[in-house]
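The values are calculated or read from the model by the stated rules, or taken from the named source; none is laboratory data. These figures come from a predicted structure and were not determined experimentally. Positions of Cβ are generated from backbone atoms using ideal geometry, with glycine treated the same way; all protein chains shown enter the neighbour counts.
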């Protein structure tokens with residue numbers, strides 16, 4: 001541990017399956033990866049002793065485009081990653097009777113704390129299939145990939161000579177790192193029980209998925225076949241993850257403390273896992289986003305100096321409109337209301353909700369009084385997700401001058417949209433949005449959220465002040481009715497009676513709401529605040545063992561800065 005004054009700051013290894021650092025590094029699928037990338041960027045900005053462990057995905061998650069039939073299709077180019085730094089380190093992981101060699105690359109050129117990526121797809125490797133596609137295979141592929149991340153990640157730390165105090169598993173994919181830590185301790189003479197408890201003191205875990213069925217499980221026959229037990233017995237693995245082996249359950253039992261990613265999500269997660277014995281307590285640490293990555297610098301300057309927000313907003317809006325024209329040929333009107341929606345194509349996110357009553361929405365779109373820009377990707381094997389995108393593309397073709405779908409959603413598209421839209425739409429089924437971060441990025445740019453109250457939104461926007469909340473529009477509660485019908489009625493009402501009249505008739509109120517949105521989000525939902533809260537609230541031992549010396553309160557106070565592994 002590093003010491004400064006009365007403080008001791010633990011050195012952290014952060015494990016995640018994906019990282020969204022830049023659109024040129026194709027190793028992310030969506031929100032989980034963007035969160036991990038923002039985490040590493042804030043850790044670097046705050047000079048914290050953090051490194052990341054991940055995988056170098058050679059063919060991306062998917063490059064997804066729209067065919068002539070309006071349906072998405074996937075391609076998988078082989079990306080050249082010669083611009084990354086080869087550490088010269090190689091580690092091996094035994095998978096199904098073979099010693100798999102993993103090359104270790106270092107990434108630190110995106111303003112991030114050092115990230116080390118394991119790669120089995122280097123030239124002449126016979127095992128490139130393991131690190132080929134992110135989330136692209138069946139359980140056989142997934143377990144092999146997770147063994148590389150977890151077991152290989154710990155071994156990479158040892159080979160690199162990096163000393164670590166704590167291991168943070170961002171989602172359950174990293175569980176085999178905990179198994180490797182137990183194996184190491186048993187190799188030094190500890191019993192399984194003692195090794196498990198010693199490992200728990202070193203591990204922290206973030207859970208994301210708020211639906212039990214969405215948490216990954218594997219059969220023990222597959223784990224045994226691939227040698228994921230890594231020296232442990234069937235009985236010991238069952239003690240960790242049950243039968244079938246549940247990755248989230250194992251992560252909860254391998255960690256001393258865990259966190260959910262918003263206050264509402266912590267309530268959901270506690271209910272979900274309350275029957276798991278020996279599970280870590282789950283506390284809320286709400287997600288945040290990296291301000292320097294997502295906030296337009298012109299908006300930031302205008303906000304910080306108390307200047308006019310409208311002109312820099314219009315500049316960002318024009319850039320988005322130019323981008324749309326370049327990509328689709330559609331000419332949007334810079335003076336008309338522009339609403340954005342960009343997320344993974346999943347049914348619970350209800351991207352097409354606004355279209356469900358055509359009689360209501362049709363005149364607004366025909367007249368050009370409201371414009372809609374959508375983007376998103378579906379998992380390559382998710383036909384329902386692809387049906388959602390197909391429907392949005394049909395709306396694009398029906399309302400050619402007012403509705404746009406931007407294909408191949410990535411960080412560049414996201415950056416353009418959260419800066420250039422006027423309104424950000426968020427209408428998932430409650431309580432299925434654990435946190436959500438796209439609305440945070442929009443809010444930092446003065447883009448006003450129209451949202452249901454779920455995830456981070458329950459802690460942020462105020463209705464009519466810094467955005468609009470669909471739960472506040474009607475007299476009754478959304479939980480007393482069918483959510484689709486309730487939210488559609490509330491959405492149309494807020495659009496017709498508040499959003500559209502204020503946008504076109506009361507510029508000064510709109511500007512006040514823009515500033516209030518930035519006020520609300522710029523610190524409270526920044527990844528700097530999030531990382532500091534992790535250090536204050538999660539990266540500590542229980543009171544009887546606490547020796548880190550960090551202050552117990554959360555809030556604005558920054559923890560001490562350290563230089564560690566900076567390039």
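Scanning segment 76-102 for residues that are part of a loop (DSSP other than H, G, I, E, B) and surrounded by fewer than 19 Cβ atoms within 10 Å (Cβ to Cβ) yields 76, 77, 78, 79, 80, 82, 83, 84, 96, 97. Collect the residues in segment 480-502 that are surrounded by 20 or more Cβ atoms within 10 Å (Cβ to Cβ) and in contact with a helix residue (DSSP H, G or I) (Cβ under 9 Å, 6 or more places away or on another chain), keeping them in residue-number order. 486, 487, 488, 490, 491, 494, 495 - these are the residues of segment 480-502 that are surrounded by 20 or more Cβ atoms within 10 Å (Cβ to Cβ) and in contact with a helix residue (DSSP H, G or I) (Cβ under 9 Å, 6 or more places away or on another chain). Listed by first and then second residue, the pairs linking a residue in segment 163-191 that is on the phi > 0 side of the Ramachandran plot to a residue that is part of a loop (DSSP other than H, G, I, E, B) and buried (at least 18 other Cβ atoms within 10 Å of the Cβ), with Cβ atoms under 6 Å apart and 6 or more places separating them unless they lie on different chains, are 171/208.
Name every residue in segment 48-66 that is more than 14 Å from residue 29 (Cβ to Cβ), in a strand (DSSP E or B) and under 19 Å from the mean Cα position of the chain (by Cα), in order of residue number.
Taking segment 48-66 first, the residues more than 14 Å from residue 29 (Cβ to Cβ) are 48-53, 56, 58, 65-66.
With the extra rule that they be in a strand (DSSP E or B), the set shrinks to 50-53, 65-66.
Scanning segment 48-66 gives 50, 51, 52, 53.
Has segment 11-27 got at least one residue that is within 24 Å of residue 540 (Cβ to Cβ) and surrounded by fewer than 21 Cβ atoms within 10 Å (Cβ to Cβ)?
Pass one, segment 11-27, residues within 24 Å of residue 540 (Cβ to Cβ): 11-16.
Okay, now just the ones that are also surrounded by fewer than 21 Cβ atoms within 10 Å (Cβ to Cβ), so 11.
For segment 11-27, residues within 24 Å of residue 540 (Cβ to Cβ) and surrounded by fewer than 21 Cβ atoms within 10 Å (Cβ to Cβ): present.
Scanning segment 365-381 for residues that are within 25 Å of the chain's Cα centre (by Cα) and not in a loop (DSSP other than H, G, I, E, B) yields a count of 4. Does any residue of segment 388-411 turn out to be touching a residue at least 24 places away in the same chain (Cβ under 8 Å), under 20 Å from residue 455 (Cβ atoms) and in a helix (DSSP H, G or I)? There is at least one residue in segment 388-411 that is touching a residue at least 24 places away in the same chain (Cβ under 8 Å), under 20 Å from residue 455 (Cβ atoms) and in a helix (DSSP H, G or I).
Answer yes or no: is there a residue in segment 181-201 that is under 26 Å from residue 120 (Cα atoms), under 23 Å from the mean Cα position of the chain (by Cα) and buried (at least 23 other Cβ atoms within 10 Å of the Cβ). Write out each step before concluding.
Pass one, segment 181-201, residues under 26 Å from residue 120 (Cα atoms): 181-184.
Imposing the further condition that a residue be under 23 Å from the mean Cα position of the chain (by Cα) reduces the set to none.
Taking every residue of segment 181-201 in turn, none turns out to be under 26 Å from residue 120 (Cα atoms), under 23 Å from the mean Cα position of the chain (by Cα) and buried (at least 23 other Cβ atoms within 10 Å of the Cβ).
Against the numbered list (1) over 29 Å from the mean Cα position of the chain (by Cα); (2) closer than 29 Å to residue 298 by Cβ; (3) without any contact (Cβ under 8 Å) to a residue 40 or more places away in the chain, residue 362 comes up short only at (2).
Which residues, counting only those in segment 463-472, are assigned to a loop (DSSP other than H, G, I, E, B) and either closer than 20 Å to residue 210 by Cα or out of contact with any strand residue (DSSP E or B) (no Cβ under 8 Å at 6 or more places or on another chain) (or both)? First the steps, then the outcome.
Restricting attention to segment 463-472, the residues satisfying the condition of being assigned to a loop (DSSP other than H, G, I, E, B) are 464-466.
Selection gives 464, 465.
When segment 444-466 is filtered for residues that are over 25 Å from residue 320 (Cβ atoms) and surrounded by 23 or more Cβ atoms within 10 Å (Cβ to Cβ), only 454 remains. For segment 279-290, the condition holds for no residue, the condition being that it is within 23 Å of residue 155 (Cα to Cα), buried (at least 23 other Cβ atoms within 10 Å of the Cβ) and touching a residue at least 12 places away in the same chain (Cβ under 8 Å).
Would you be able to say whether some residue in segment 31-45 is assigned to a loop (DSSP other than H, G, I, E, B) and surrounded by fewer than 24 Cβ atoms within 10 Å (Cβ to Cβ)? Spell out the reasoning first.
Pass one, segment 31-45, residues assigned to a loop (DSSP other than H, G, I, E, B): none.
Checking segment 31-45: not a single residue is assigned to a loop (DSSP other than H, G, I, E, B) and surrounded by fewer than 24 Cβ atoms within 10 Å (Cβ to Cβ).
Note on segment 342-372: among residues that are within 19 Å of residue 31 (Cβ to Cβ) and in contact with a strand residue (DSSP E or B) (Cβ under 6 Å, 6 or more places away or on another chain), the one that is surrounded by the fewest Cβ atoms within 10 Å (Cβ to Cβ) is 342. Within segment 309-332, the residues that satisfy the criterion of being outside any helix (DSSP H, G or I) and loosely packed, with under 14 Cβ neighbours inside 10 Å are 329, 331. The one condition from (1) surrounded by fewer than 21 Cβ atoms within 10 Å (Cβ to Cβ); (2) farther than 19 Å from residue 63 by Cβ; (3) modelled with pLDDT of 95 or more; (4) touching a strand residue (DSSP E or B) at 6+ places or on another chain (Cβ under 9 Å) that residue 423 does not meet is (1).
Identification of helices (runs of 4 or more DSSP H) wholly contained in segment 198-294 with 1 or more residues that are touching a helix residue (DSSP H, G or I) at 6+ places or on another chain (Cβ under 8 Å) and over 21 Å from residue 182 (Cβ atoms) yields 263-273, 291-294.
Residues of segment 375-414 that are surrounded by fewer than 21 Cβ atoms within 10 Å (Cβ to Cβ) and at positive phi: 408 alone.
Condition check ((1) crowded, with 17+ Cβ neighbours inside 10 Å; (2) over 17 Å from residue 56 (Cβ atoms)) across all residues:
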position: 111; (1), (2): no, yes
position: 114; (1), (2): yes, no
position: 120; (1), (2): yes, no
position: 145; (1), (2): yes, no
position: 149; (1), (2): yes, no
position: 153; (1), (2): yes, no
position: 167; (1), (2): yes, yes
